[in-house]
Structure formats: structure tokens, C-alpha cells
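Heads up, the thing below is written out as C-alpha cells.
Here, each number is a calculation from the coordinates, and none is a lab measurement. Predicted model only: the values in this text are computed from it and were never measured. As a convention, Cβ positions derive from the backbone with ideal geometry for all residues, glycine included, and neighbour counts pool all protein chains shown.
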Amino acid sequence: MTEYKTIEDLGDLNGKVAMLRADLNVPMNENFEVTNTARIDRTVPTIKLLMNKGAKVVVISHFGRPEGKGDMKNSLSHVAPELEKALGFKVIFVEDCVGHVVEDAVKNMKDDEVLLLENLRFYNEEKKGNADWAKELTKVADVYISDAFSTAHRAHASMVAAAQNLPSAMGLLMSEEVDALSKGLNNPERPLMAVVGGSKVSTKLDLLNNLVKKVDKLVISGGMAHTFLRAKGFESVNEENSLVQMDMLETAKEIMTTALNNNCEILLPLDLVAAKEFKPNAEHKTVDLDNIPASSWELLDVGQKTIDLICAKLEECKTLVWNGPLGVFEMKPFDNATNKVAEKAAELTLAGKLTSVAGGGDTVSALANAGVADKFTYISTAGGAFLEWMEGKELPGVVIMKK
Ligand code: AMP
């Protein structure tokens, strides 16, 4: 972690105003109640650390997609009570994120109080990365800290320009994310396995192209495996019974060739679970690749032989990175392969034999459904940022924190 600036590098914070860029973009129901407080809870240790160092903390965040217009639906005022509850200190909500109202609120701040400013995205300048506006934003503060790893793939004003205006550092959550993700792909203990599942190849091309050059074993499962199977000549995988993308066959072949040239072993399904209908508990059967029913069945999961193969190969590995479910995990019993492989990864992790890192979109729900959410080495809070990191892209909000 010495590569990046940490709060310790900021020196004495006593009496200083610390602006913390958090990601408080939490899910909320139609009554404006927060339905999952994970993102709030995970940034609280950074706020407490800054307060313990005597800093006055001003929290900034985006919320929803207001597209530059102020509207109550997307006001961070709905999040303030939850932040106060999680923190155990008074949170004063400020109805703007720039201007006199913020300057006055900062001047009047008491010890043991935290300010939460209004949604940054009420200003178009935020998404545009406007440097002048970022100066307005940071002028009330002495130091800038970022915990918003999940927004780190965006060069928004509060993520990059703001960090350039003041002495800056990563918060504890951001450090934890970057550290865990580095252990996963940048500096992994080998052999390294990646599991990629989910629906379509077309959405994960960059991801697959990066992984075949970096990992030792690549499991391709879920709907996207259908395109690879068809590319390998299994003609009974078709557009009626699967998510095969016929226009992606050449691309799939190219990915397999790159893998071969980079000593990356691709593990495709050996068997599949075919269901009579796309619904929970539909009539189903496990079929080998040369027995796939051509139509009126849908291929919703991978079978036991595939599960055994993945688990056996995983036992040989020291590191696992995972994105995307192996089957339609939202419907029983088609969550079976995802659950079984997740349990194996959790078991190896708990035994100290495996570093397991997962994240991105549905992966978090799929692993929670498998009951292993707290048994992996690290599950990232980030969706898009996790995927871009797996794609090998530099994240502007992380790069700006380099020493
Ligand atoms: P993604 O957002 O690309 O990671 O895709 C996640 C979605 O892929 C989940 O909603 C899964 O239900 C879906 N999925 C996984 N395997 C299959 C499959 N064999 N057929 C259809 N959908 C699948």
C-alpha cells in the first residue's frame, strides 16, 4: 500500500476541515427509507478515525441520477438519519454542496458533529469533471479524503479535480478495496483462477481479453459459456435453448487462441442443466454436451461434472477472482452450481489455502444467496469500478491517490 497516499500521510489533522468523498448512493424504497446500509456502514470507520484525529468532517457524495437538476427524490437528506445512526454522532445536513450555505455551516460546526452536503450530482459540473467547480467545492476544506472506490472509474469533479486541490489521501475503505483487489490480480499468489459467469459474452469482452493474459485458469460459465461451446462446434447449443450470441463466435475463438498463447487454461462446462421452462423449480435434467436437447429446453446452469472440475482445479489454486454467477442463481435449483463452487471457495479460504476476491453487479447477491458473503477474503462494494479493474483499466479515482 505504500504506493498510495493514506490518512497517516496527511500529518496533524487537529482542527482541520477534512472533506470526505464517500459513496452514499444506497438503495432506497419509495418511502425514502434506506434498504441496505452497507455503503454507509463501511465508510463510518474513516469518519471516526478523522474525528479521533481532531478533524472536522464534511461528507460529500452523489446519490441517484438527478442529471444536474435538484430534486427531492434524489436528496441526500434522506440518507442523513441513517448516517447519524451508524456513526453515533450528530449529522447536520446542508442543503447545498457549494456556496455560502456550506461556508456558514462549516464555520458553525461544533466538535462531535459531522456535515453531510447535498447531492453533488445536482450540479452538471460534477459529472463533467469541472475543475473550477471543484475549487468551489473544496474551498471550505483543508484536506481531501476519498472512500468512494465504487465511483473511482469516473473522473468526476469530486473524484479527481477535488483531490488535486488539497493534500489528499485514501480513506480506510478505499485502501481496503485497493489492497484486496491488488492481491487478486496485480500481485496474486499463483496459480490464479478467474471465474466469469453472467449472461452475455458481448458485455464482458474487455474483461475476458484482459483475464486470458493474466490468469492461469479461466472458468467461463453462465449464459456466456454457450457462445464458447457453440464456437467449439457443439451445434445443438442454439438461440432457442441458450443465450448463444452467433455474431460472437469468431470473438470467442480469438479469446480461446489468446488464452492458448498465454498458457491460460480455459475451463468450459462439461455438462449443462436443461430446464423445460424458465421458471423456479421447472422440470429439468442434466445433460452431457453431446446430448443437449435442441429446442423447447433452456440451458440454465452447469451440471455436477462441471462443478467437480471447477472445484478440483480450484484446490490447485492460491488466488480466485470471481465475477458473475454460473447459472440463473435467482431461481432454484438453478443456483446450484454457483452455490457449490462458492461453498468450495469459502471452505478453501477459511482453511487459509485461498485468497478469494469477488465483486461486480449480481455477484454480490449471488454469493450472499450462497451464504458465503462473509467467508470470502474480500467482496467488493463496487460494481462498475470492480469490473473496470478486472478489465485491467486504470481507475482515475485511484490513480490520483498515487504518491
Ligand atoms: P451479468 O450481469 O452479465 O453478470 O449477468 C448476470 C445474470 O446472468 C443473472 O441474472 C443470471 O440469471 C444470468 N445467467 C447466468 N447464467 C445464465 C444462463 N445459463 N442462462 C440465462 N441467464 C443466465
Looking at the P(r) of region 188-390, how many percent of alpha-carbon pairs lie beyond 32 Å? 9 percent
Per q in 0.18 1/Å, what log10 I(q)/I(0) does a Debye calculation on the alpha-carbon atoms of region 85-134 return? -0.64
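Over the chain, what is the relative contact order in whole percent, taking alpha-carbon pairs under 8 Å and six or more residues apart?
Working: 873 pairs, mean separation 62.2, N = 403.
That works out to 15 percent.
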Degrees separating the helix 304-315 axis from the principal Cα axis of the chain, which is the longest one: 50 degrees
Using the Karplus curve 6.51 cos²θ - 1.76 cosθ + 1.60 with θ = phi - 60°, what ³J(HN,Hα) values do you get for each residue of region 144-155, in whole Hz, with x for Gly and Pro? 10, 10, 10, 10, 8, 4, 5, 10, 5, 7, 10, 8
Which far-off residues, 5 or more places away or on another chain, put their amide H under 5 Å from the one on M28, with H placed in the peptide plane? T35
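E315 to R65: extension gain in nm, 0.36 nm per residue of separation minus the Cα-Cα distance?
85.7 nm
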Listed residues K48, K110, K340; largest mean-square fluctuation, Gaussian network over the chain with Cα springs below 10 Å, found at K110
Whole-Hz ³J(HN,Hα) for each residue in region 234-244, computed from phi via Karplus 6.51 cos²θ - 1.76 cosθ + 1.60 with θ = phi - 60°, x for glycine and proline: what do you get? 7, 5, 6, 7, 9, 6, 7, 9, 7, 8, 3
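Using alpha-carbon pairs under 8 Å, 6+ residues apart, how would you state the relative contact order of region 7-173 in percent?
Values: 337 pairs, mean separation 47.9, N = 167.
After rounding, I find 29 percent.
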Compute from the Cα atoms of the chain the Rg and the Dmax, the latter being the longest Cα-Cα distance, and quote both in angstrom. 23.3, 73
Could you go through region 352-357 in sequence order and give the Karplus-derived ³J(HN,Hα) for each residue, using 6.51 cos²θ - 1.76 cosθ + 1.60 with θ = phi - 60°, rounded to whole Hz, and x for Gly and Pro? x, 9, 9, 9, 10, 10
Principal axis dimensions, largest first and in whole angstrom, of region 53-120 by Cα: 36, 27, 17
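Using Cα pairs under 8 angstrom and six or more residues apart, how large is the relative contact order of region 188-390, in percent?
On the way: 438 pairs, mean separation 42.7, N = 203.
After rounding, I find 21 percent.
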Residue order, fewest to most surrounding Cβ atoms within 10 angstrom, among V287, V302: V287, V302
Per GNM of the chain with C-alpha springs under 10 angstrom, the most fluctuating residue out of H100, H226, H156 is H100
A convex hull over the alpha carbons of region 7-173 yields, per residue, a volume in Å³ of 97 Å³
Only bridges with both residues in region 188-390 count here: give the DSSP antiparallel percent, nearest 5. 35 percent
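Rounding to the nearest 20 debye, state how big the charge dipole of region 254-399 is about its Cα centre with +1 on each Lys and Arg Cβ and -1 on each Asp and Glu Cβ. Don't jump to the answer; show the numbers that get you there.
On the way: 12 positive and 21 negative charges, 65 e Å.
Dipole of region 254-399, to the nearest 20 debye: 320 debye.
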Placed amide H near L267: partners under 5 Å, 5+ positions off or other chain: L218, V219, I220
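Out of all DSSP beta bridges with both ends in the chain, state the antiparallel percent to the nearest 5. Can you show the working numbers first?
Details: 11 of 49 bridges.
Antiparallel: roughly 20 percent of the beta bridges in the chain.
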Just to verify a number: FRET efficiency for K73 and S295, C-beta to C-beta distance, R0 = 41 Å, to 0.05? 0.35
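For region 149-289, what is the convex hull volume of its Cα atoms per residue in Å³? Provide the component values of the computation, followed by the final result.
Working: hull volume 24.0 nm³, N = 141.
So the per-residue hull volume is 170 Å³.
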Scan around F63 for amide H atoms under 5 Å from its own, H built in the peptide plane at 1.01 Å from N, and keep only partners 5 or more places away or cross-chain. L120, R121
So what is the 222 nm mean residue ellipticity for the chain from helices alone, if each DSSP H run of at least 4 adds -39500 (n - 2.57) and you divide by all residues, rounding to the nearest 500 deg cm²/dmol? -9500 deg cm²/dmol
Where q = 0.15, 0.16 Å⁻¹, what log10 of I(q)/I(0) comes from the Debye formula for region 291-403, counting one point per Cα? -0.71, -0.78
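May I ask you to sort W133, W389 by Cβ crowding, counting other Cβ atoms within 10 Å and putting the fewest first?
Numbers: W133 21, W389 28.
Going from least to most buried by this count: W133, W389.
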How do I60, I7 line up, fewest other C-beta atoms within 10 Å first? I7, I60
